[in-house]
Amino acid sequence: MPEIRPFRGIRYNLSKIKNLADVITQPYDQITDEMEKEYKRRSPYNFVNLVLTHYADGHDRKSEYENARNCVNNWLRDGIFVQEKEESIYPYFQEFYIEGKKYIRKGFICRLRLEELGKKDILPHEKTLSKPKEDRLNLTRITKKDFEPVFLLYTDPENKVMGMIEEQCKEPVIDVVDDRAITHKLWKLSEPELIEKIASTLRDSILVIADGHHRYETALNYRNELGGLDKNHPANFKMVTLVNIQDPGLVILPTHRLVMNLKDFNIDDFILKVKNFFDVRKVSRNEIKGELEKEKKHTFGFYSPQHIYLLKLKDITSLRRLLPERSEEYRDLDVAILHTLLIEELLGIKPEKVEDHIRYQRGIEETLSRVDSGEFQMAFLMNPTRPEQVRAVAMKRERMPQKSTDFYPKLISGLVFYDIAGD
């Protein structure tokens, strides 16, 4: 059963950091070189110094890890960071707009006892790569801090947990707008009886990782590496943000596929093959977004400079032949249909060659523009994976392909973090 606990969070000292927007960052794997430069320009105390950014193959990062350790230790010594005196959980709301509609995603930050993924009550939904985990593990070893939370989903149809939490949320301890116009609000709740009631309500839950698989597996690897820990040692836990899968502010955006480097590609031959599996209908550039959203399930947009089509799968049973070992829940995923049938079977791009030919892009206009520019030959447009599908596939102990989900917005980094040294 999932074990949820409060923790003594470490936060920026707002008497010394006057504008929190100057020091918070996007998660480490979202930070480009230009973003890193801008973050460091804003403040010498920017959180990017601690989480670092993407890494390059063959690049020795030891000095960067050591700099992160020195920064966090010095900032604690100098009062830039302060650690709470009491263990707390941290309700965390994100307010944002998509196409003019306002959403509020409501969750709370706590620590969660680590367990092997997929064996008990904490389930993954996507595959992971080894290099990011190695990088995060090296950072954890040297700093002994848990800087960024994992985003997990729980199921609470009656909204009991957030109901209890919202009753106690008065004035937030943090209220900040980031550079993407997303408002982040954080509260601190320390009442032991309330925290125990929340933990008890979720004790029989199945938790699904929405985002942060690499971070979770890193924490697990670090715990296993230490070995023989007392059960209450802080490295037995991972800082997480929990969100109800029924939360109306839970949004998944689609990630479209761009195709390049196909030699001798004949679009007419390709469309003839596609018609064996899909109903094919011509649409205009202006229509494709609305038509795709209207059809929803098992429908894709195909865009090239010469042709624009809507592709609607005729019969889902064709996936049984191509994915006989997979569950019905997996075969029902649009991303599984796209990769297995359109990309692998009809375009002939084998899974081990996907990175040579496929790139990923959020936003339909941005995707179409990259084809218009000649950078890519064509694009496949998708509808988003639904939260209930994420849970259904995870419950089957299966993992989706990478880039199957894009939970929006990302959890901002720098609001609160956790000391796992156990000194």
Being surrounded by 14 or more Cβ atoms within 10 Å (Cβ to Cβ) and at pLDDT below 95 narrows Arg113, Arg136, Arg203, Arg105 down to just Arg136
Pairs returned, first residue in the range 259-274 that is without any contact (Cβ under 8 Å) to a residue 40 or more places away in the chain, second residue that is in a helix (DSSP H, G or I), beta-carbon separation under 6 angstrom, 6 or more apart or interchain, are none
Listed by range, strands (runs of 3 or more DSSP E) wholly within the range 174-227 having at least 1 residues that are free of Cβ contacts under 8 Å to residues at least 60 places away in the same chain and in contact with an Asp or Glu (Cβ under 9 Å, 6 or more places away or on another chain) are none
Restricting attention to the range 384-394, the residues that are out of contact with any helix residue (DSSP H, G or I) (no Cβ under 8 Å at 6 or more places or on another chain) and either more than 24 Å from Lys294 (Cβ to Cβ) or among the hydrophobic types (A, V, I, L, M, F, W, C) (or both) number exactly 3
Of the residues in the range 116-130 that are of a type in the set (A, V, I, L, M, F, W, C) and at pLDDT 90 or above, the one that is farthest from Leu202 (Cα to Cα) is Leu123
* Asked: Is it the case that the range 309-316 has a residue that's within 27 Å of the chain's Cα centre (by Cα), surrounded by 17 or more Cβ atoms within 10 Å (Cβ to Cβ) and not basic (Lys, Arg)?
  -> no
Original post:
Condition test on Val259, is it over 30 Å from Tyr154 (Cα atoms), over 29 Å from the mean Cα position of the chain (by Cα) and not hydroxyl-bearing (Ser, Thr, Tyr)?
Top reply: no
### Query
Could you say whether any residue in the range 26-34 is over 30 Å from Val208 (Cβ atoms) and assigned to a helix (DSSP H, G or I)?
yes
By my count, helices (runs of 4 or more DSSP H) wholly in the range 310-368 with at least 3 residues that are under 16 Å from Thr299 (Cβ atoms) are 334-337
ask   = Condition test on Leu292, is it out of contact with any Gly (no Cβ under 6 Å at 6 or more places or on another chain) and either among the polar types (S, T, N, Q) or not assigned by TED's automatic domain parsing to the domain that holds Tyr103 (or both)?
value = no
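The values are calculated or read from the model by the stated rules, or taken from the named source; none is laboratory data. Every value quoted in this text rests on a predicted model; they were computed, and no experiment measured them. With ideal geometry, Cβ positions are generated from the backbone for all residues, glycine too; neighbour counts draw on all protein chains shown.
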